[in-house]
Amino acid sequence: MNNDLLFDFTVDKAAQKIFITREFNAGLSLVWDAFTKQEIVDQWSAPAPMRCQTKYMDFKVGGRRFYAMILPDGQERWIVQDYTSITPKTNFKLYNAFADKDENRELPGSEWDHNFSEQNGITKVNITIFNESLERMQSLSEGFRIGYTVMLTNLDELLATLSQK
Amino acid sequence: MNIKMKQDIFQAIADPTRRAILTLLTIQALTPNVMAEKFDMTRQAVSKHIKVLQECELVKPEQSGREIYYHFNAKKMQELDHWLAQFRQNWETQFNQLDKILSTMKEQKK
């Protein structure tokens, strides 16, 4: 489906920067909406089998998205994203930080810069993440691994029950 | 988290001197005194850098007689690459999800 679409992921470890580039087979307005409207963002911004649920999202400079990544076992990882700059259909920047369920941030977080451009009906999105921390990524991935294992165990049990019938 | 690090590995390798120390250690294990000589730094300054590198397990000390030799821990570097690969995978999965949503949105607009 998306075989011809560019996906590039580069890490500059020394500068603590991550560069992500992805093309989408859709016009700029649609892709912009998909990144900036809560009801659409929630549908894709957690990698399955995780899902995400936004408590509130106020997409404007100085506004905030407060959401949870929910692991298959029901565990929640809360994240706060503060919008620091918005140029409609061109660019937006945010400050991303893990938080507790009461919205208290665990600082420092990382800075995310999103750039959008369209050519011939294909929209390219460039994301640069500054100051990503391995420790944070590790804790998320670890939670993911545990959650995934639990989910597979549930599946094993389900399959076992089904095969007994 | 069971794998709790005092120092973030990214922070550790963000410093040019620490990167230079690591590069040197990939070739051979060294004592802090030799490192201080090579970098024209005080023994204290070297110790500070080593402490950071050791806390995130990028280097390992080994006692040899009266001297401590520091070794480069390649396994830790691989671990970093492993986590990054996982992070990349997460993004890839999310974007594939978004592809499906965009194609549905396009259909609905028609």
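May I ask you to verify whether A:Arg65 is over 21 Å from B:Trp91 (Cβ atoms), among the charged types (D, E, K, R) and more than 14 Å from every other protein chain (Cβ to nearest Cβ)?
Details: over 21 Å from B:Trp91 (Cβ atoms): no; among the charged types (D, E, K, R): yes; more than 14 Å from every other protein chain (Cβ to nearest Cβ): yes.
Judged against the criteria, A:Arg65 is not a match.
For segment A:9-25, enumerate the residues that are assigned to a strand (DSSP E or B), of a type in the set (D, E, K, R) and at pLDDT below 90. Steps first, answer last, please.
To start, the set of residues in segment A:9-25 that are assigned to a strand (DSSP E or B) comprises A:9-12, A:17-24.
When the remaining residues are screened for being of a type in the set (D, E, K, R), the result is A:12, A:17, A:22-23.
Result: A:Asp12, A:Lys17.
So that you can scan it fast, the table gives a plain yes or no per residue for (1) more than 8 Å from chain B (Cβ to nearest Cβ); (2) in contact with a helix residue (DSSP H, G or I) (Cβ under 7 Å, 6 or more places away or on another chain); (3) over 20 Å from A:Thr90 (Cβ atoms):
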{"site": "A:Ile20", "(1), (2), (3)": "no, yes, no"}
{"site": "A:Gln43", "(1), (2), (3)": "no, yes, yes"}
{"site": "A:Cys52", "(1), (2), (3)": "yes, yes, yes"}
{"site": "A:Tyr56", "(1), (2), (3)": "yes, no, yes"}
{"site": "A:Lys60", "(1), (2), (3)": "yes, no, no"}
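Could you list all residues from segment A:108-134 that are out of contact with any strand residue (DSSP E or B) (no Cβ under 8 Å at 6 or more places or on another chain) and polar (S, T, N, Q)? Walk me through how you get there before you give the answer.
Just the residues of segment A:108-134 that are out of contact with any strand residue (DSSP E or B) (no Cβ under 8 Å at 6 or more places or on another chain), to begin with: A:119-121, A:134.
Within segment A:108-134, A:Gln119, A:Asn120 qualify.
Search segment A:63-77 for residues being hydrophobic (A, V, I, L, M, F, W, C) and surrounded by fewer than 20 Cβ atoms within 10 Å (Cβ to Cβ), and hand back the single one that is farthest from A:Pro49 (Cα to Cα).
First, pick out the residues of segment A:63-77 that are hydrophobic (A, V, I, L, M, F, W, C): A:66, A:68-71.
Narrowing the set further to residues that are surrounded by fewer than 20 Cβ atoms within 10 Å (Cβ to Cβ) leaves A:66, A:68, A:70.
Details: A:Phe66: 20, A:Ala68: 14, A:Ile70: 9 Å.
Ranking the qualifying residues of segment A:63-77, first place goes to A:Phe66.
Somewhere in segment B:81-90, is a residue within 10 Å of chain A (Cβ to nearest Cβ), acidic (Asp, Glu) and buried (at least 16 other Cβ atoms within 10 Å of the Cβ)? Working first, answer last.
Step one: filter segment B:81-90 for residues within 10 Å of chain A (Cβ to nearest Cβ), giving B:81-90.
Checking the rest, the ones that are also acidic (Asp, Glu) come to B:81.
This time we only want the ones that are buried (at least 16 other Cβ atoms within 10 Å of the Cβ), so: none.
The answer is no, given that none of the residues of segment B:81-90 is within 10 Å of chain A (Cβ to nearest Cβ), acidic (Asp, Glu) and buried (at least 16 other Cβ atoms within 10 Å of the Cβ).
Considering only helices (runs of 4 or more DSSP H) fully contained in segment B:4-55, which possess at least 1 residues that are more than 14 Å from chain A (Cβ to nearest Cβ) and of a type in the set (D, E, K, R)?
B:32-39, B:43-55
Taking the options A:Glu135, A:Glu142, name whichever one is assigned to a helix (DSSP H, G or I), surrounded by fewer than 18 Cβ atoms within 10 Å (Cβ to Cβ) and either at pLDDT 95 or above or acidic (Asp, Glu) (or both). Walk me through it before giving the result.
On the way: A:Glu135 fails: surrounded by fewer than 18 Cβ atoms within 10 Å (Cβ to Cβ).
Within the list A:Glu135, A:Glu142, the selection yields A:Glu142.
Taking the condition free of Cβ contacts under 8 Å to residues at least 40 places away in the same chain and either touching a Phe, Trp or Tyr at 6+ places or on another chain (Cβ under 8 Å) or surrounded by fewer than 18 Cβ atoms within 10 Å (Cβ to Cβ) (or both), does A:Trp32 pass?
Details: free of Cβ contacts under 8 Å to residues at least 40 places away in the same chain: no; either touching a Phe, Trp or Tyr at 6+ places or on another chain (Cβ under 8 Å) or surrounded by fewer than 18 Cβ atoms within 10 Å (Cβ to Cβ) (or both): yes.
When the stated conditions are applied, A:Trp32 does not pass them.
The values are calculated or read from the model by the stated rules, or taken from the named source; none is laboratory data. It should be emphasised that the depicted structure is a prediction, and the values quoted were computed from it without experimental measurement. Neighbour counts run over all protein chains shown; Cβ positions are idealised from the backbone, glycine included.
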